[in-house]
1. What trypsin sites (Lys or Arg not before Pro) in the range 1-41 are in a loop by DSSP, with at most 14 other Cβ atoms within 10 Å of the Cβ?
2. Relative contact order (percent) for the range 13-171, with alpha-carbon contacts under 8 angstrom and 6 or more residues of separation?
3. Taking a cut-off of 30 Å between Cα atoms, list the lysines near residue 53, but don't count ones fewer than 8 places away on the same chain.
4. Taking 0.36 nm per intervening residue step and subtracting the Cα-Cα distance, what contour gain separates residue 152 from residue 130 on full extension?
5. Loop only by DSSP, 13 or fewer other Cβ within 10 Å of the Cβ. Give me the chymotrypsin sites (Phe, Trp or Tyr not before Pro) in the range 1-91 that pass, ordered by residue number.
6. Between the DSSP loop rule and a limit of at most 14 other Cβ atoms within 10 Å, which GluC sites (Glu not before Pro) in the range 28-131 are left?
7. Once you have the Cα-Cα distance between residue 6 and residue 63, take 0.36 nm times their residue separation minus that, and quote the gain in nm to one decimal.
8. Dipole magnitude of the chain about its Cα centre, charges +1 at Lys/Arg Cβ and -1 at Asp/Glu Cβ only, in debye to the nearest 20?
Amino acid sequence: MTFVKLDQRFSPYQMPCVIIGSIVDGRPNFMTLTWASRVNRSPPVWMVSVNVKHYTMEGIRENKAFTINFPSIDLMQKVDYIGVTSGRQADKSKLFTIFYGDTKAPMIEECPLTMELTLTSLNELPDHFVVLGTAVNTFFDERFLSDGKPDLEKMNLIIYTGIEGNPSYWSIGEMQARAFKIGKEFKA
Ligand SMILES: Cc1cc2nc3c(=O)[nH]c(=O)nc-3n(C[C@H](O)[C@H](O)[C@H](O)COP(=O)(O)O)c2cc1C
């Protein structure tokens, strides 16, 4: 076997491609983010990693709240736009239909799934803040339910891969196997 050394920053996939919503300078603002994951089961705590220089960070720090919106493939072009354009240069507040829950953070009606979170903690790394937020409300558009359950195929969420030099958006592929099950069936 021969291994080659790669740049230490190489990371083949970030996976979820979400939209972070916040109020900055009194105006709704949205940015694309792929460094996101749920990191606690109960309460549901999420981690999002936001560059220290982003306009969004000002809103998260000021209002201590933000939203995570999960867009479908049909929103891809707008998703890319808000990921290459800062709220400092352009008003991104009119790109989506906005609704509010209990926090002062904007949610996007066009996304099948959206949640609002309160700021739990900030951990400053050299160029990003690891932002932890606790979900206080999770909203799911009933059009994306099948038999009363969230239907991943209908949702058709955006997946992002950051293969060096060729960052791309993907849709979810075919389900391959049941997790937490095939391992139990393995006979060593
Ligand atoms: C596909 C994609 C993924 C991104 N992921 C992140 C991320 O995980 N964290 C981050 O801080 N910025 C990320 N960005 C960059 C921000 O979305 C971008 O700089 C945005 O303009 C910041 O907006 P703001 O200045 O209005 O907050 C990503 C951009 C794209 C296009």
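1. For trypsin sites (Lys or Arg not before Pro) across the range 1-41 that sit outside H, G, I, E and B with at most 14 neighbouring Cβ atoms in 10 Å, the list reads 5, 9, 41.
2. 27
3. Qualifying lysines at Cα under 30 Å: 64, 78, 92, 94, 104.
4. 5.2 nm
5. Sites meeting the loop and neighbour criteria: 3, 10.
6. Filter output for the range 28-131: 109.
7. Difference between extended and current length: 16.5 nm.
8. 480
Bear in mind these aren't lab numbers, they're just calculated from the coordinates by the rules spelled out. The model shown is predicted, which means the values in this text are computed figures rather than measured ones. No Cβ is skipped: glycine too gets one built from the backbone with ideal geometry, and neighbour counts run over all protein chains shown.
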